[in-house]
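Heads up: the structure comes next, in structure tokens.
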Amino acid sequence: MNRHLITGATTPLGRALIAELLAAPDTEAILAVGIEPPSRVDLPDDPRLTYTRANLARSRSIRKLLFGPAKDLKLTTIAHLAQHRSAAAQGREAYALNVESIRDLMPMAERHPTLRRFVYRSYAEVYAVRADKPQILAEDHPLNLAPRTPQWIRDRVEADLTVCTRMGMSPLSISVLRFAECLAPDMGSQLHDYLQSRVCFRPLGFDPMLNLTTVADMARALALALRSEAQGVFNIPAWDTLPLSRVIQLAGRRAVPVPGPLMTPLYAMRSRTLGTDFRYDLNAWRFHFSGVLDGSRARHVLGFDPTHPIDWATLAALLP
Amino acid sequence: MLKSLRQQLRSTLAGPFDRDYSELRFDDRGHGYDPFGAHRDWVEGAAAVIAPLYRWYFRVRSYGSEQIPASGPVIVASNHSGTLPFDGAMLYMDIVHHTNPPRLPRPIVDLFVPSLPVVGTTFSRLGVVAGSRGNVHRLLNRGELLLIFPEGTPGIGKPFSERYHLQTWREGHAELAIRHQAPVVPVAMIGPEEQMPQIAQIPVSLFGAPYLPIPLTLLPLPVRYHIHYGAPIPLHRDYRPEQADDPAIVHEAAQRIKDAVQCLLDHGLRQREGVFT
């Protein structure tokens with residue numbers, strides 16, 4: 001039985017996952033959940049798909065969702081994708097969706113009569129990328145728990161750990177997928193926002209390796225995880241592994257190396273004047289040191305290998 | 001036009017060391033880079049830059065390079081000295097030149113090296129990797145050739161009076177060899193220990209480097225390098241992988257490697273006619 005609950009269904013990843021699941025004949029029902037009213041949602045027209053609006057930052061909404069439509073539809077799996085994408089989203093409200101929603105969602109899912117599988121979308125940004133750490137990031141790589149870590153990362157680390165803590169204690173079979181950064185619009189990609197400028201400053205003397213994925217690969221990995229019974233943490237690597245300078249070049253931008261200490265004020269000024277989302281303090285470490293996901297566990301257990309490279313020509317054409 | 005000029009310059013500089021690098025075994029992830037950042041063109045370029053130093057400045061003589069296995073995981077363990085790591089560059093060049101098809105040596109460096117602007121990035125393009133446990137495990141799992149200097153940073157900064165006396169010999173490489181069942185090729189480098197006598201070390205912490213060396217000479221002296229390769233030490237046959245957890249076994253294996261390197265050093269020094277000849 002493949003009956004799925006997808007949170008964050010109106011994001012590009014949510015839509016791609018729904019399309020991927022609907023393409024599978026064994027999918028019986030999908031309950032898509034988003035914050036937008038149904039009139040503003042563009043999802044495929046399929047009798048197996050239902051859309052419902054819910055604010056997952058509120059515990060009562062989650063209860064209504066799980067013991068209302070999710071119970072009626074006898075859903076069996078949850079793909080939890082809902083997170084604030086913007087680095088500008090801060091404070092209690094962002095925390096409520098990023099972290100508190102999981103604390104509410106998981107125990108309720110455990111009490112649910114038919115749900116048995118929980119797949120959580122996590123991020124490669126949870127890993128600590130440092131000079132003295134391995135450049136290839138395995139699932140047991142140290143997490144980014146540095147004292148002054150910005151909330152955008154701190155929330156993601158806490159959410160990831162919150163899900164991991166329940167593994168083995170919960171009747172649900174739980175998977176955490178840590179995805180490489182998706183270089184696409186509306187995906188909360190810091191790098192995509194960074195590339196919006198025609199001139200991209202990068203730290204002088206450093207050119208780290210990056211691993212960048214596509215929505216298609218992410219959706220496929222999620223679909224594989226939903227169908228699997230495998231528990232644990234899985235890195236979901238990307239097809240494209242290349243240095244930052246090459247990313248800038250392929251995106252048709254001009255790279256200007258500047259001394260590292262100037263990067264923070266330059267991008268803080270850019271953010272304040274243009275209202276952009278890129279924050280250098282979120283990216284400082286990975287703009288110096290390489291961090292490439294090791295996907296061997298996902299390959300062996302989930303059968304996932306990245307197959308969709310980034311379409312650099314299209315990406316460059318869509319940038320301003 | 002520019003490409004052909006570059007190619008010509010590369011051929012001229014490299015001379016007999018100009019070879020087909022398309023055969024270089026390489027985990028190309030689609031953009032020409034391996035996950036650690038190495039790139040074939042950079043290796044080729046570096047070979048062209050290092051070749052004149054190798055041929056005319058240090059006039060390297062190599063003995064026993066056939067001892068390097070043509071494939072599979074292998075650890076090359078050598079003495080380390082000379083204030084600046086020219087010994088690493090010459091050994092790197094020697095391995096690239098004497099293996100057929102060429103093997104890309106992966107020099108393992110101290111963890112502060114990636115923090116050095118320009119140097120860290122350039123080194124990574126050439127295949128150099130910081131010596132964190134995760135990095136070296138992955139390289140050996142992929143069957144790569146690791147270049148390890150167990151004397152580490154204290155070795156490169158050893159006083160002139162200590163030349164050709166191996167300093168504190170770290171044991172991690174022996175543990176790795178046993179765990180990954182990789183043979184260890186001992187190497188003795190004669191020459192670099194006299195190239196740049198160090199007169200002082202200023203204990204400053206720049207980008208994580210432990211000190212700033214003050215050498216007697218501004219440039220390394222044109223000593224002649226002699227690189228002696230010993231027969232591979234078959235730790236993979238003598239120990240089982242699970243014995244890598246036994247400190248006594250690891251210590252014993254590391255001592256075997258150290259003794260082999262010291263033996264090659266003594267032999268090479270006896271054979272040598274002079275520092276510059």
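The values are calculated or read from the model by the stated rules, or taken from the named source; none is laboratory data. As the structure is a computational prediction, the values presented were derived from the model and not from experiment. Cβ sites come from the backbone with ideal geometry, for glycine too, and all protein chains shown count toward neighbours.
Which one is farthest from B:A174 (Cα to Cα) among residues in segment B:115-138 that are among the aliphatic types (A, V, I, L, M) and surrounded by fewer than 21 Cβ atoms within 10 Å (Cβ to Cβ)? Lay out the reasoning, then the answer.
Narrowing segment B:115-138 to residues among the aliphatic types (A, V, I, L, M): B:116, B:118-119, B:126, B:128-130, B:136.
From the residues that got through so far, the ones that are surrounded by fewer than 21 Cβ atoms within 10 Å (Cβ to Cβ) too are B:116, B:118-119.
Values: B:L116: 28, B:V118: 31, B:V119: 28 Å.
Filtering segment B:115-138 for residues that are among the aliphatic types (A, V, I, L, M) and surrounded by fewer than 21 Cβ atoms within 10 Å (Cβ to Cβ), the one farthest from B:A174 (Cα to Cα) comes out as B:V118.
Filter segment A:124-145 for residues that are surrounded by fewer than 17 Cβ atoms within 10 Å (Cβ to Cβ) and without any contact (Cβ under 8 Å) to a residue 12 or more places away in the chain and give the result.
Answer for segment A:124-145, where residues must be surrounded by fewer than 17 Cβ atoms within 10 Å (Cβ to Cβ) and without any contact (Cβ under 8 Å) to a residue 12 or more places away in the chain: A:D132, A:D140.
How many residues, within segment A:199-243, are within 16 Å of A:S189 (Cβ to Cβ), assigned to a strand (DSSP E or B), within 11 Å of chain B (Cβ to nearest Cβ) and of a type in the set (A, V, I, L, M)?
Within segment A:199-243, residues that are within 16 Å of A:S189 (Cβ to Cβ), assigned to a strand (DSSP E or B), within 11 Å of chain B (Cβ to nearest Cβ) and of a type in the set (A, V, I, L, M) number 3.
Identify, from the list A:T214, A:T273, A:T241, A:T314, the residue that is without any contact (Cβ under 8 Å) to a residue 60 or more places away in the chain, surrounded by 16 or more Cβ atoms within 10 Å (Cβ to Cβ) and of a type outside the set (G, A, S). Walk me through how you get there before you give the answer.
Values: A:T214 fails: without any contact (Cβ under 8 Å) to a residue 60 or more places away in the chain; A:T273 fails: surrounded by 16 or more Cβ atoms within 10 Å (Cβ to Cβ); A:T314 fails: surrounded by 16 or more Cβ atoms within 10 Å (Cβ to Cβ).
Residue meeting the stated conditions: A:T241.
Quick one: in segment B:1-42, of everything that is among the small types (G, A, S) and crowded, with 17+ Cβ neighbours inside 10 Å, which residue is nearest to the chain's Cα centre (by Cα)? Write out each step before concluding.
Of the residues in segment B:1-42, the ones among the small types (G, A, S) are B:4, B:11, B:14-15, B:22, B:30, B:32, B:37-38.
Retained after the next criterion (residues that are crowded, with 17+ Cβ neighbours inside 10 Å): B:14, B:37-38.
Numbers: B:A14: 20, B:G37: 18, B:A38: 16 Å.
Among those that are among the small types (G, A, S) and crowded, with 17+ Cβ neighbours inside 10 Å, it is B:A38.
Tell me, which strands (runs of 3 or more DSSP E) lie completely within segment B:181-277 with 3 or more residues that are within 22 Å of B:V76 (Cα to Cα)?
B:184-190, B:226-229
Assess whether A:V258 counts as being more than 14 Å from every other protein chain (Cβ to nearest Cβ) and hydrophobic (A, V, I, L, M, F, W, C).
Values: more than 14 Å from every other protein chain (Cβ to nearest Cβ): no; hydrophobic (A, V, I, L, M, F, W, C): yes.
Judged against the criteria, A:V258 is not a match.
Against the conditions (1) within 14 Å of another protein chain (Cβ to nearest Cβ); (2) farther than 25 Å from A:A284 by Cβ; (3) among the aliphatic types (A, V, I, L, M), where does A:L172 fall short? Just the number, please.
Every condition holds for A:L172 apart from (1).
Could you tell me whether any residue of segment A:214-224 is in contact with a helix residue (DSSP H, G or I) (Cβ under 8 Å, 6 or more places away or on another chain) and on the phi > 0 side of the Ramachandran plot? Reasoning before the result, please.
Start the filter on segment A:214-224 by keeping residues that are in contact with a helix residue (DSSP H, G or I) (Cβ under 8 Å, 6 or more places away or on another chain), which leaves A:215-216, A:218-224.
Now restrict to residues that are on the phi > 0 side of the Ramachandran plot: none.
No, segment A:214-224 contains no residue that is in contact with a helix residue (DSSP H, G or I) (Cβ under 8 Å, 6 or more places away or on another chain) and on the phi > 0 side of the Ramachandran plot.
Quick one: what pairs do we get from segment A:57-73, first residue within 15 Å of A:I35 (Cα to Cα), second among the charged types (D, E, K, R) and assigned to a helix (DSSP H, G or I), C-beta under 6 Å, 6+ apart or different chains?
Here the result reads A:S59/A:D104; A:I62/A:D104, each pair linking segment A:57-73 to a residue that is among the charged types (D, E, K, R) and assigned to a helix (DSSP H, G or I).
With respect to the numbered conditions (1) at pLDDT below 90; (2) within 14 Å of chain A (Cβ to nearest Cβ), which one is the sole condition not fulfilled by B:R6?
(2)
Just checking, how many residues over segment B:21-38 are more than 9 Å from every other protein chain (Cβ to nearest Cβ) and in contact (Cβ under 8 Å) with a residue 60 or more places away in the chain?
So the first thing to find is which residues in segment B:21-38 are more than 9 Å from every other protein chain (Cβ to nearest Cβ), and the list is B:21-28, B:38.
Filter once more, keeping what is in contact (Cβ under 8 Å) with a residue 60 or more places away in the chain: B:21, B:23-27, B:38.
The qualifying residues number 7.
Being touching a strand residue (DSSP E or B) at 6+ places or on another chain (Cβ under 8 Å) and β-branched (V, I, T) is the filter here; which residues of segment B:220-253 pass it?
The answer is B:I227, B:I233.
Within segment B:43-56, track down each residue that is buried (at least 18 other Cβ atoms within 10 Å of the Cβ) and not charged (D, E, K, R). Step through it out loud before you land on a result.
So the first thing to find is which residues in segment B:43-56 are buried (at least 18 other Cβ atoms within 10 Å of the Cβ), and the list is B:43-48, B:50-51, B:53-54.
Residues satisfying the conditions are B:V43, B:G45, B:A46, B:A47, B:A48, B:I50, B:A51, B:L53, B:Y54.
Of these, A:R103, A:R111, A:R92, A:R148, which one is more than 14 Å from chain B (Cβ to nearest Cβ), surrounded by fewer than 20 Cβ atoms within 10 Å (Cβ to Cβ), under 30 Å from A:H288 (Cβ atoms) and not small (G, A, S)? Talk me through it step by step, then tell me what you get.
Details: A:R103 fails: under 30 Å from A:H288 (Cβ atoms); A:R111 fails: under 30 Å from A:H288 (Cβ atoms); A:R92 fails: under 30 Å from A:H288 (Cβ atoms).
After applying the criteria, what remains is A:R148.
For segment A:297-320, indicate whether the set of residues that are within 13 Å of chain B (Cβ to nearest Cβ), among the β-branched types (V, I, T) and assigned to a strand (DSSP E or B) is non-empty.
Within segment A:297-320 (the criterion being within 13 Å of chain B (Cβ to nearest Cβ), among the β-branched types (V, I, T) and assigned to a strand (DSSP E or B)), the answer is no, since none of the residues qualifies.
Quick check: is even one residue across segment B:95-109 among the charged types (D, E, K, R) and in contact with a strand residue (DSSP E or B) (Cβ under 7 Å, 6 or more places away or on another chain)? Steps first, please.
Our first condition is that a residue be among the charged types (D, E, K, R); within segment B:95-109, this holds for B:103, B:106.
Subset that is in contact with a strand residue (DSSP E or B) (Cβ under 7 Å, 6 or more places away or on another chain): B:103, B:106.
Within segment B:95-109, one or more residues are among the charged types (D, E, K, R) and in contact with a strand residue (DSSP E or B) (Cβ under 7 Å, 6 or more places away or on another chain).
Is it fair to say A:M269 is away from chain B (no Cβ under 14 Å), over 16 Å from the mean Cα position of the chain (by Cα) and part of a helix (DSSP H, G or I)?
Details: away from chain B (no Cβ under 14 Å): yes; over 16 Å from the mean Cα position of the chain (by Cα): yes; part of a helix (DSSP H, G or I): yes.
Criteria met by A:M269.
I'd like to check which helices (runs of 4 or more DSSP H) are fully inside segment B:71-147 and have at least 1 residues that are more than 14 Å from every other protein chain (Cβ to nearest Cβ).
On the way: elements: B:86-98, B:119-126, B:133-141.
Counting at least 1 such residues, we get B:86-98.
Take the conditions within 30 Å of A:R254 (Cβ to Cβ) and within 14 Å of another protein chain (Cβ to nearest Cβ) and apply them to A:D132. Does it pass?
On the way: within 30 Å of A:R254 (Cβ to Cβ): no; within 14 Å of another protein chain (Cβ to nearest Cβ): yes.
Judged against the criteria, A:D132 is not a match.
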